Amino acid sequence: MNALAESVKSFLDSSPHFAEGFTLMVRYALPILSLLILSGAFLSLFTLPRGKEVFALLTLSDGSETFRINHLESLVGRSGTADIVIRDASVNRIHATISGNGNGDWTVYDIDSRQGTFVNGEEVVTSLPLHYGDTVTFGGVDAVFHEVEAEEETEVLLERRIVRPLPPWTLLLLLTVMQVMLCVSLCIAKNAEATPVILRVFVLYTLLMWTYFTVMRLCGVTGFELEIIAFYLTSICLSVTTSSKWNLLEKQLLAVPLGILLMLVIGRMLSNLDKIRRYYRWIMAAGALGLMACTLLLGSFKYGASNWIRIGGFSIQPSEPAKLCYVFAGAATLDRLFRRRNLGLFLLLSFVLILSLAKMNDFGTAAVFFVTFLVIAFLRSGDFATLLLMLGGAVSAGALVLVAKPYIWARFSTWRHATEYASSGGYQQARTLTAISSGGLLGTGPGGGFLKRVAASDTDLVFGIMCEELGLITAVFAVLCIIALSAFAIRSAMSCRSSFYMIAACSATTMLIFQTALNVFGCTDLLPLTGVTFPFVSNGGSSMLLSWGLLAFLKAADTRPGASFVYRRSYRDQRMRLGVPAKDPIEEDFEDTEYSEEQEEEEV
């Protein structure tokens, strides 16, 4: 690799006209490649229909109507927002909930209804087990709970199996071309000492990307749009890191396979709702508290906050993995959702975590936790009054913080006046705005900017360095990636099999979009600079691990067979049990993404 690096650098140094021409070509090619890559991924995400599972049926005793139960926690009531809407005056707007664990075990809960809920004549005081063939009475309405018939299950299965993502190979080739262009441009811009590191890192990163897609495809996965977006953003991260701190490039690369591994581990955990209910949520809550406690005891100051722990030659920010634990613990309400509208334990966990972050002076991360808390609290309770009360309390607490922490007030005093304080409190924002304007639409080229000399340019000001070196168009594409991930998660959440996946996907989305907003608006002086990273793009191993970990919650919310951590195995087992053929005429367009029956049987 060193010999190759020397040859490349020697050729580039001896051919200045080639170097200039190649850099110019990259400036124009990057927006075009970004458009092709992301338009393909976005179209596949948003044009394919969402497939829903059917777990059981509820038929009114007079046979007038049959309801499909598409969620493992289904609300029953008169309200149009209920999953099963029974238009009868004796039924409360939200009357009861039918809950299952995905293994055929069902429970019915009464939600303080006026006329009660009964199973085979026995009143549901708190909860009662529900079996196929039981008669459930909601107020004055009788309904029979029964299993899905094989014919209807087959029909639903065939409807779901035509929802196939587009093959990823063309987009992967375009991503590889983009990475080659970034690598050569950075070799041109950096010195001879950096060239071997740049070549080694980009070659290993491209091999990692292709290996991941190949292995997952052999394992039966067909939907890769979310990962393509993540690899695109990570490619930009490596470019930014090379430009600003190329000596940390190998450490940043190491965080990528660790992040992918973390995503797969979390995905494996998410596939078992029983274990989530019994063990994982408590382990994750304890993990979040333990990480905060370790940071309070062992944390060292960096950029004004004591939220870093040094281990050997590495620095980690425990608040980043704590975010993953917090999402997991906050969403895992399965056996109490709708039955107990009690946020006591979750409120206590949130209060301790946010207070710990305030103690560390990490108010940007505290804001991320608080906004995520509001989203989870609303999804769990649906109570606007409670949220308004909490929001009012947060505003009061924020005012006290401004009084108690004068340096934060000083940061607010320069907000929207960065150019007036360009040599003091507005130094970073003023330089960032200058860099954005100098980069224009196409940028100066990878490694060719001056913002990299400003402190935290590769983390807090990363949007500025993207605009300067890669151009405003590419930087806007990066922001659109986060927006697309969030929109996809919200769209998929409506057809999730469980409320856990819906709450987890929405809270993970909240973290992604809120962090991006704080980073972009902070470095452009539209909001005070908070020191929050841009997901997938900012330099830092902790941030990279968090970004890939949050992606697991989005993949779990995906309802397409072969594209989700949760649905792929159950879909394949269901198809084999029903004897549905591996292919049917309607799927001819997806021939290259299908297995043969022999391959499917071997895999099962």
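The values are calculated or read from the model by the stated rules, or taken from the named source; none is laboratory data. Note that the coordinates shown come from a computational prediction; the quantities given were computed from them, not determined experimentally. Heads up, the Cβs are rebuilt from the backbone with ideal geometry, glycines too, and the neighbour counts pull from every protein chain shown. Side chains are part of the model used for accessible areas, which takes the heavy atoms of the whole protein and leaves out ligands, DNA and RNA. Shrake-Rupley method; radii C 1.70, N 1.55, O 1.52, S 1.80 Å.
With a cut-off of at least 3 residues that are in contact with a Gly (Cβ under 7 Å, 6 or more places away or on another chain), modelled with pLDDT under 85 and surrounded by fewer than 19 Cβ atoms within 10 Å (Cβ to Cβ), name the helices (runs of 4 or more DSSP H) lying wholly within region 413-527. Spell out how you get there, then give the answer.
Working: elements: 427-439, 462-470, 472-493, 499-523.
Correct list: empty, since no element meets the threshold.
Against the numbered list (1) modelled with pLDDT under 90; (2) open to solvent by less than 20 Å² (accessible area, probe 1.4 Å), F145 comes up short only at (1). Contact map, region 537-560: residues that are of a type in the set (V, I, T) paired with residues that are at pLDDT 90 or above and surrounded by fewer than 24 Cβ atoms within 10 Å (Cβ to Cβ), Cβ distance under 7 Å, separation 6+ or inter-chain. Pairs shown: V537/L233.
Among the conditions (1) under 27 Å from E320 (Cα atoms); (2) at pLDDT below 75; (3) surrounded by fewer than 18 Cβ atoms within 10 Å (Cβ to Cβ), R380 misses just one, which is (3).
Residue-level check: of (1) over 11 Å from the mean Cα position of the chain (by Cα); (2) in contact (Cβ under 8 Å) with a residue 60 or more places away in the chain, A517 misses just (2). Within region 127-142, if we keep just the residues that are out of contact with any His (no Cβ under 8 Å at 6 or more places or on another chain) and not in a strand (DSSP E or B), the residue that is surrounded by the most Cβ atoms within 10 Å (Cβ to Cβ) turns out to be D134. Restricting the first member to region 1-30 and to residues that are within 17 Å of M178 (Cα to Cα), and the second to residues that are modelled with pLDDT under 70, the beta-carbon pairs closer than 6 Å and six or more apart or on different chains are A19/L12. So, in region 50-85, of the ones that are touching a Lys or Arg at 6+ places or on another chain (Cβ under 6 Å) and under 20 Å from T135 (Cβ atoms), which residue ends up most open to solvent (accessible area, probe 1.4 Å)? In this case the residue turns out to be R78.
Filter region 111-126 down to the residues that are in contact (Cβ under 8 Å) with a residue 24 or more places away in the chain and open to solvent by less than 50 Å² (accessible area, probe 1.4 Å) and list them by number.
First, pick out the residues of region 111-126 that are in contact (Cβ under 8 Å) with a residue 24 or more places away in the chain: 111, 113-115, 124, 126.
Matches in region 111-126: I111, S113, V124.
Output the residue which, of all residues in region 101-110 that are of a type outside the set (F, W, Y) and under 20 Å from F500 (Cβ atoms), is surrounded by the fewest Cβ atoms within 10 Å (Cβ to Cβ). Here the residue is N103.
Mind counting the residues in region 261-288 that are out of contact with any helix residue (DSSP H, G or I) (no Cβ under 6 Å at 6 or more places or on another chain) and under 25 Å from T242 (Cα atoms)? Summing the residues that are out of contact with any helix residue (DSSP H, G or I) (no Cβ under 6 Å at 6 or more places or on another chain) and under 25 Å from T242 (Cα atoms) in region 261-288 gives 1. The set of residues in region 87-100 being β-branched (V, I, T) and surrounded by fewer than 21 Cβ atoms within 10 Å (Cβ to Cβ) consists of I94 alone.
For region 28-49, the tally of residues that are open to solvent by less than 30 Å² (accessible area, probe 1.4 Å), within 20 Å of the chain's Cα centre (by Cα) and at pLDDT 90 or above stands at 2.
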